[in-house]
Amino acid sequence: MSSQQKVIPPNGSIGLEGEPGEPLSAPLIVVSNRLPFVLTRNANGKLQRSHSAGGLVTALGPVVIDCGGLWIGWPGSHDVRPFDEIPEPDIPNSGLKSQQVKPVLVRQELFDSFYNGCCNGTFWPLFHSMPDRAVFSSETWKAYQEVNEEFALKTIDALRQVRARLLKEYNNPSDDSMPVPVVWIHDYQLMLAAAMIRQVAIEENLACKLGFFLHIPFPSWDIMRLFPWDDQILEGILACDLVGFHIEDYCTNFIECCQRRMGCRVDHANGNIEYDNRTVHVRALPIGIPFNQFQLLAIKAPRVMKDERVVLGVDRLDYTKGLVQRIKAFERLLECHPEHLGRVVLMQIAVPSRTDVKEYKALKEEIDQLVGRINGRFSTADWSPIRYIYGCISQDKLAAFYRDSAVALVTPLRDGMNLVAKEFVACQINENGVLILSPFAGAGGTMREALLVNPYEIDMVAETIHKALVMDIDERRHRMQLLRKRESSMDVDYWMDSFLREMDQVECAITGPPSLIPVDHGYQSYLTEYIEDSTKLNLLLDYDGTLAPIVSHPDLAMMSAETRRVLTHLSQMPCVSVCVMSGRSLDNLRQMVGIEGITYAASQGLEILHPDGSRFIHPVPTDHQIRLQNLLPALEGEVCTNGAWVENKGALLTYHYRALSSTTSPERRDSLVQRAAELFREHGFYPHHTQMAIEARPPVPWDKGRASLYIMRTTYGVDWPQRVGGPERVRILYAGDDDTDEEVMQALNGLACTFRVSRVPVYKSSANYRLTDPDAVQSLLRLIEDKLDQRAVIPSSPTSSFTANFFITCIHESETVTSDEEQTDLSASDAQLKSKRRRRNSRNSTMVLSKVAAAGLLRSNSFKAALCHHSQDPITVIGH
């Protein structure tokens, strides 16, 4: 996007009233759980606005107004009907016009299940690292999905409206100067909306950029994985182009979850994630407050407190705020430092929250009892240690409390940022106060001049309060001056501008080319333990969609020459076993792969051919072939049209309908596929759906998963599970692209490193990681090849030396070794060059390589280094 398309901040905005011919700023569409005002009905039954205070409204409201944007959110009341007119602001140009507002109306029962059930009952405790308080319910999760869909639909309407307006205002709609609307989604209530918005925007060619900001913490992988539908949450957020969090720790947690749960390639250093053929930018953008506004309030506010020194706490009544621990710490202060008796007061302001929730009622009762007990213990005739205010107070009075307090005690157990700490600093115009801050709040990572204390350490909190109360005036002012300088420069406008500047760097990937920044494959991190010097590696690989691309006809699915070369080389390494698995027939699979000395598992594992020529065929019922013979003409007669066809694989029969996508309407295609599935059932087969195909399999308890276990057992012995992680360190890697490959991933769960190959994001997969396409699989195999080449000729012990000549026999790809005489039986055990064809029976034989593989080995730097080190041992290359 050019500089002319930027969302312009309020102090330099170009709105709808710009000069003729002057480019407009990009429209900003804000999507939040609440509108920037509450709609209620007055005595006459008419809707009226009640302004909502808050930094988000203060910062974003003017931008939305000036750029002709829209704000989408719940109006704060269920007493609003779809056709009600939204009232205009009381003062002209002081707020959003009615046409700039799109209220989301949700029936009360659904909203309660969404907000109180899922958002506050599940996500709030889970994201604040208190999983024991989280309630997981499929009913509230369904409500969450439905409400997110409502918000997404309203956002799509807004995008259509903006697009129609821009088409009118620009003479040439294809002009690159036409701004791209920015959709900015806020907070944990709307983590699914972006995925739905992106899907429709792509279908309707609605240009936009999607941004998301989370105002609460993002949990670590160990906590996030507790949520049963965590992959859907991650996919919803990953649908955005830019994702913002308060601090780097939350960014790290999110990136790790995407890597470990979704298998994304990530760039930790630059904060990028590759997903769905796009680059998602993840940034730490700490939110600020309207600093000048609070400072002005503090200047004007009259004094409301007596002469005693006040330790101030201001919190919403919530279990994450650490109120119980804070009050107990103040009690400990009075016990350990009686000099503060009669002189210091804890003023705790608790704003009511979720008063109808049982947990919050219990928390209020506990605090009431605790305050009563401490006041009863220490109070005198003219002094009480705790002044407890349960309720809301005006901003003027709050600013006075901030200004005149000696200490602010901001000690949440967990908090996204905590703006109370910043508000206290803004109101400290006399610069006499001391801020005590929990490191478990996002503010703890940036407000370094505060006194940091673990809220769980009651004694330490008490001592820190004492330190703050007796701190020298010069130190207090020095700390506060530094805090005020930072917060005044990094206020809420700075936060907003930072987000929009980052968004300006993002390309529109919906109507333009994919927004793809090269991301390091990152295979190094998850393959380190699989390619150690002492490991044996078993590669199990699907063919179609994994080694070869998915194409219109199976006969056209060819591996690249480079993939075949790498697989050939790997198959000839003594520490590697290679198996290719497929639903194809055995003869066809061998013809397509064309590599000798590997295992072939065909017909979904029903036929297995080992490198030594031995073969396994799973028995099938005698009437199976008869039923297949009856099914074949039925399919050909009814559903083989417009390019759909049937493939007879012997024990399997597959109906292919990929060509229908380009030759028939979606309705006709769905009808044919549905009828094909019915024919499968009518002839006694369960219709197994694979990639654009339906498969009839024999009714036997066997699949690719069980076949993979059989292959491991025949390769490494019946005790192979004990060898995984044992002295021989057998390691297994599997890669596949469809549901049949999930069978293998589930069978090898915990025993293998598995990869799901797909360009399309999938919600559920048993794979550890994701790869986009066969090219990514090739990159993975090349990395393995390079790593293994580096150790191919390294002696097993530092003290060993080469004691025999190396003889490498180069043969043409079409030739095979037919007798023992064609292999020179010379020892190369010190170099661990074992014959692939004889590794089960002998550990000492000549290394037999193809020309390409031998050339690759000779080019290997580690091989050359080994030869230079042992130059007295000649190498002989024999060519046929």
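Rounded to the nearest whole Å², what accessible area per residue is found for the range 310-373 with the 1.4 Å probe? Present the calculation step by step, with values, prior to reporting the outcome.
On the way: 2520 Å² over 64 residues.
Accessible area per residue: 39 Å².
Quick one: which of Lys102/Lys142; Lys321/Lys361; Lys102/Lys397; Lys536/Lys704; Lys397/Lys485; Lys46/Lys102 span more than 27 angstrom between C-alpha atoms?
Values: Lys102/Lys142 23 Å; Lys321/Lys361 15 Å; Lys102/Lys397 34 Å; Lys536/Lys704 22 Å; Lys397/Lys485 24 Å; Lys46/Lys102 18 Å.
Too far apart for the 27 Å limit: Lys102/Lys397.
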Just to confirm, what accessible area per residue do you get for the range 608-736 at 1.4 Å probe, in whole Å²?
47
Once you have the Cα-Cα distance between Asn42 and Asp396, take 0.36 nm times their residue separation minus that, and quote the gain in nm to one decimal.
124.8 nm
Between Asn432 and Ser138, what is the label-point separation in nm under the 7 Å Cα-to-beta-carbon projection?
6.2
Spin-label model distance (nm) - Arg225 vs Leu341, 7 Å beyond Cα toward Cβ:
5.3
Looking only at the range 312-341, which residues have a backbone nitrogen under 18 Å from a spot 7 Å from the Cα of Arg373 in the C-beta direction?
322-336
Along the Cα→Cβ direction, 7 angstrom out, place labels at Glu109 and Leu709. What is the inter-label distance in nm?
4.6
³J(HN,Hα), Karplus 6.51/-1.76/1.60, whole Hz, each residue of the range 647-654, x for Gly, Pro
10, 9, 9, x, 7, 10, 9, 10
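Give me the dipole magnitude in Debye, nearest 20, for the range 667-742 about the Cα centre, with unit charges on the beta carbon: positive for Lys and Arg, negative for Asp and Glu. Mind showing how you got there, number by number?
Numbers: 11 positive and 13 negative charges, 63 e Å.
The calculated dipole for the range 667-742 is roughly 300 debye.
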Using only the alpha-carbon atoms, what does the range 307-359 span along each of its principal axes? Please give whole angstrom values in decreasing order.
41, 23, 13
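Rounded to the nearest 0.05, what FRET efficiency is calculated for Arg681 and Ser560 with R0 set to 35 Å and r the Cβ-Cβ distance?
Values: r = 39 Å, r/R0 = 1.11.
Approximately 0.35, to the nearest 0.05.
Roughly what percent of Cα-Cα pairs across the range 70-143 reach past 17 Å?
On the way: 1547 of 2701 pairs.
Value for the range 70-143: 57 percent of Cα pairs lie more than 17 Å apart.
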Please work out how much length the chain gains when fully extended from Val357 to Ile473, using 0.36 nm per residue of separation minus the C-alpha to C-alpha distance, in nm with one decimal.
37.3 nm
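May I ask you to compute the full-extension gain from Ser98 to Gln674, defined as 0.36 nm times their residue separation minus their alpha-carbon distance, rounded to one decimal in nm? Provide the component values of the computation, followed by the final result.
Numbers: separation 576, 0.36 × 576 = 207.36 nm, distance 4.76 nm.
Gain on stretching Ser98 to Gln674: 202.6 nm.
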Using 1/(1 + (r/R0)^6) with R0 = 30 angstrom and r between the beta carbons of Asn205 and Gln505, what's the FRET efficiency to the nearest 0.05?
0.85
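When ligands, DNA and RNA are left out and all protein chains stay put, how many square angstrom of accessible area per residue does the range 48-157 have with a 1.4 Å probe? Provide the component values of the computation, followed by the final result.
Working: 4960 Å² over 110 residues.
Each residue of the range 48-157 exposes 45 Å² on average to a 1.4 Å probe.
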To the nearest 20 debye, what is the magnitude of the charge dipole of the range 115-231 about its Cα centre, counting +1 on the Cβ of each Lys and Arg and -1 on the Cβ of each Asp and Glu?
240
Quick one: 3J(HN,Hα) in Hz for the range 142-152, Karplus 6.51/-1.76/1.60 with θ = phi - 60°, rounded, Gly and Pro as x.
4, 4, 4, 5, 5, 5, 4, 5, 4, 5, 5
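Could you calculate, for the range 602-737, the ratio of the Cα radius of gyration to the Kirkwood radius, expressed as Rg to Rh?
Values: Rg = 18.6 Å, Rh = 17.1 Å.
A ratio of 1.09.
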Within the accessible area of the range 653-753, what % is carbon and sulfur when the probe is 1.4 Å and the other protein chains stay in place?
48
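The values are calculated or read from the model by the stated rules, or taken from the named source; none is laboratory data. None of the values given here were measured: they were computed from a predicted structure. Counting neighbours? That spans all protein chains shown, and the Cβs are built from the backbone with ideal geometry, glycine included. Note: accessible area is taken over every heavy atom of the protein model, side chains too, but ligands, DNA and RNA are not part of it. Shrake-Rupley method; radii C 1.70, N 1.55, O 1.52, S 1.80 Å.
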